[in-house]
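The values are calculated or read from the model by the stated rules, or taken from the named source; none is laboratory data. Given the structure is predicted, the values throughout are model-derived calculations rather than measurements. Here the Cβ positions follow ideal geometry from the backbone for every residue, glycine too, while neighbour counts run over all protein chains shown. Remember, those area values only see protein heavy atoms, side chains included, never the ligands or the DNA or RNA. Shrake-Rupley method; radii C 1.70, N 1.55, O 1.52, S 1.80 Å.
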Amino acid sequence: MGLLVLVVSVVLVAGGREPQQYPPDSPRGVVQRYLAAWDERDYAAAYAFFSSDVRDTLSEADYRVAAADYARYGLPPDGSARSVFIDDVTDGSTRVTVRLTVEEVVGNGLDTSVYRSPRTVALVREGAEWRIDQALLWLDPGPYPGPMK
């Protein structure tokens, strides 16, 4: 019975965070819009959030292939079971780091587990815009060479 109370309370506390909308030109807003593009599987839009340094070393075509492979093999079967919370941003005039918490709920009923993992996303200011300054597949470092098996 004690385990049941613990699982339910963890899920209820974790579920209490409401979605927020961030200004689109802020570091948080850029990450939020990147994730929205990724969730829509609009890989061209996701790629557009990368810095010029990332785009110079990774073609959009190669990114699309890697992203499609990642989406096929790297995502949980139930997209609603995973949430991303934007925690904070380091201060910086031209470079910042957005800190995130990824929460995944696995299982159901008494066999439910909640896993949380921290993530960071580096951004750089290019002109008046913030750009993601690392190649990502979703929030994981990428792209991976060749198709994932």
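Here the stretch 81-149 is assigned +1 on the Cβ of each Lys and Arg and -1 on the Cβ of each Asp and Glu. Its dipole about the Cα centre then comes out at about 180 debye.
In the context of the full set of protein chains, the stretch 16-63 has a per residue accessible area of 58 Å² (1.4 Å probe). What a 1.4 Å probe finds exposed on the stretch 29-71 is 46% carbon and sulfur by accessible area, rounded to a whole percent. Between R55 and L110, the simple label model (points 7 Å from Cα in the Cβ direction) yields a spacing of 5.5 nm. The phi-based Karplus calculation (6.51 cos²θ - 1.76 cosθ + 1.60; θ = phi - 60°) puts the 3J(HN,Hα) values of the stretch 29-34 at x, 5, 5, 4, 5, 4 Hz, whole numbers, x for Gly and Pro.
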